[in-house]
Amino acid sequence: MLNRRLLRTKAVQALYARQLTADANRLLALDHIEEAFAPDLNSMEPQNRPELAGMKRLADIALDELIRDGKTADDQELPDKVLKVARSAYEAYSRQTKIDGEKLVRRVLNETESIYTEFIRVLSLLIELAHQARIDRERRYDDPEAPFPKESGLNDNGVIKVLVADSALQDEIIRNGITWHNEMNLVRKIYREALRKDEEYEKYCKTKSHTTEEDQAIIQHILRQVLLKHEVPLDYFAQRDLYWDDHNELIRSLAIKTLRSADFPHTFQLAPFTKDWEEDREFVEDLCRIVVEESDRYDKYLEDQLKNWELERVALVDTIILRTALAELIHYPGIPVKVTINEFIEIAKRYSTPKSGKFINGVLDVLSVKLAAEGIIRKSGRGLIDNK
């Protein structure tokens with residue numbers, strides 16, 4: 001089932017991408033300023049290039065002040081044109097960065113929802129491989145150079161028969177737009193190069209009848225050791241999903257649980273993707289919104305903590321992780337401090353530098369105690385668990 005760590009990871013990914021787009025939008029805003037103060041080559045009037053260059057520098061500084069503080073330090077002393085151009089560039093920067101941020105949050109949420117589709121695709125692929133096994137076994141002549149036992153096959157497997165007969169699964173396959181009509185070459189390749197060459201499956205096919213336990217065992221083996229391990233299906237899944245490395249653990253878990261329930265039709269049940277997708281979606285959206293709105297305040301906390309260490313020197317991923325962790329520590333009273341810290345340590349270990357886990361741990365350990373003493377972090381209910 002979908003867990004909060006993956007949701008936290010998605011929030012960090014969206015915020016990281018948002019920062020990159022914000023940096024790109026700043027460069028576009030600087031281009032806007034440069035264009036505004038470029039000499040007019042078509043004008044018959046003399047162009048004061050040093051003055052234009054000076055006004056451009058002032059506008060560049062004003063833009064960065066607006067981005068950082070929301071205002072300029074010396075409005076009264078800046079020429080009107082400089083102030084007007086800087087504000088125009090800042091408005092364009094802010095508008096585009098907001099649009100980009102919202103798009104990125106929607107994108108990571110769509111990516112998260114697609115995990116369920118890929119889980120159904122894995123089950124569907126098992127059914128397609130069983131169809132290939134049936135076709136293979138019905139051939140009158142086998143390849144004499146590569147004979148393969150036909151006493152039984154995947155199409156006779158009891159778990160597969162439950163999958164094929166279940167109307168709910170077939171409805172999900174259709175609803176998620178899953179079809180293999182244009183991928184039959186791939187299915188055949190997986191069957192020939194991955195499944196038929198698997199020793200356990202070959203051994204299974206040498207026996208005409210199997211117990212329920214044997215059917216379940218071979219299906220679990222095919223799932224874990226063939227579909228989710230062999231390079232041919234793995235390459236296919238990785239090409240479909242850019243975040244396959246993040247998603248495959250959950251897909252594997254959902255598939256294992258579902259297949260374990262498929263010994264009999266009356267016990268079969270598709271593993272639930274999440275308890276409440278709307279709640280999960282809201283968690284990611286709110287976490288991202290809070291970080292964007294409060295990042296200046298969080299950066300002040302971090303700067304005070306990282307004495308003699310400029311925040312700009314911290315890896316961007318680590319900065320995003322720290323901001324997101326602070327948002328959860330401060331704004332989610334029901335989540336224990338230790339849970340938040342441990343979750344973001346694991347995210348840092350996976351997505352940042354080798355030393356990031358210890359760095360994140362050290363900073364959050366000290367900051368959480370300090371902010372709790374100041375009354376900024378306040379926990380209640382389940383959030384009080386393990387907070388000593």
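Only residues that are in contact (Cβ under 8 Å) with a residue 12 or more places away in the chain, more than 23 Å from His266 (Cβ to Cβ) and not β-branched (Val, Ile, Thr) were counted in the range 184-214, giving 16. Against the definition (surrounded by 20 or more Cβ atoms within 10 Å (Cβ to Cβ) and under 25 Å from Ser209 (Cβ atoms)), how does Ala133 come out, yes or no? Answer is yes for this residue. Taking the stated definitions as given, is Asp60 farther than 21 Å from Val317 by Cα and within 33 Å of the chain's Cα centre (by Cα)? No; evaluated as a whole, the condition is false for this residue. Among the conditions (1) surrounded by fewer than 13 Cβ atoms within 10 Å (Cβ to Cβ); (2) closer than 15 Å to Val292 by Cα; (3) among the aliphatic types (A, V, I, L, M), the only one that Ile67 does not satisfy is (1). For the range 136-172, the tally of residues that are buried (at least 19 other Cβ atoms within 10 Å of the Cβ), hydrophobic (A, V, I, L, M, F, W, C) and over 15 Å from Arg188 (Cα atoms) stands at 5. The combined condition, being basic (Lys, Arg) and either touching a helix residue (DSSP H, G or I) at 6+ places or on another chain (Cβ under 7 Å) or more than 30 Å from Leu316 (Cα to Cα) (or both), is not fulfilled by Arg68. Residues that are more than 17 Å from Tyr16 (Cβ to Cβ), part of a helix (DSSP H, G or I) and polar (S, T, N, Q) within the range 263-315 comprise Thr267, Gln305, listed in sequence order. For the range 313-354, filtered to residues that are acidic (Asp, Glu) and under 16 Å from Ala14 (Cα atoms), the residue that is modelled with the highest pLDDT is Glu328. For the range 139-153, check the following and say yes or no: at least one residue is in contact with a Leu (Cβ under 6 Å, 6 or more places away or on another chain) and under 16 Å from Tyr204 (Cα atoms). The answer is no, given that none of the residues of the range 139-153 is in contact with a Leu (Cβ under 6 Å, 6 or more places away or on another chain) and under 16 Å from Tyr204 (Cα atoms). When we screen Leu66, Leu126, Leu83 for residues that are within 28 Å of the chain's Cα centre (by Cα), part of a helix (DSSP H, G or I) and either hydrophobic (A, V, I, L, M, F, W, C) or at positive phi (or both), the only hit is Leu126. Just name the residue that is farthest from Glu118 (Cα to Cα) out of those in the range 169-218 that are among the aromatic types (Phe, Trp, Tyr) and assigned to a helix (DSSP H, G or I). Only one residue fits best here, namely Tyr204. Among the residues of the range 176-198, the ones that are more than 32 Å from the chain's Cα centre (by Cα) and either among the aromatic types (Phe, Trp, Tyr) or under 20 Å from Val159 (Cα atoms) (or both) come to 2 in all.
Thr72 meets the conditions (1) modelled with pLDDT of 95 or more; (2) surrounded by 14 or more Cβ atoms within 10 Å (Cβ to Cβ); (3) not acidic (Asp, Glu) in every case but one. The failed one is (1). Lys358 meets the stated requirement of being within 25 Å of Lys307 (Cβ to Cβ) and among the charged types (D, E, K, R). Confirm whether Tyr116 is touching a Leu at 6+ places or on another chain (Cβ under 6 Å), in contact (Cβ under 8 Å) with a residue 24 or more places away in the chain and assigned to a helix (DSSP H, G or I). No: the conditions fail for Tyr116. The residues in the range 286-334 that are among the hydrophobic types (A, V, I, L, M, F, W, C) and within 16 Å of Asp365 (Cβ to Cβ) can be counted, and the count is 8.
The values are calculated or read from the model by the stated rules, or taken from the named source; none is laboratory data. Just so we're clear, the structure is a prediction, and the values are computed from it rather than from any experiment. For neighbour counting, all protein chains shown are included, and Cβ atoms are generated from backbone atoms with ideal geometry for every residue, glycine included.
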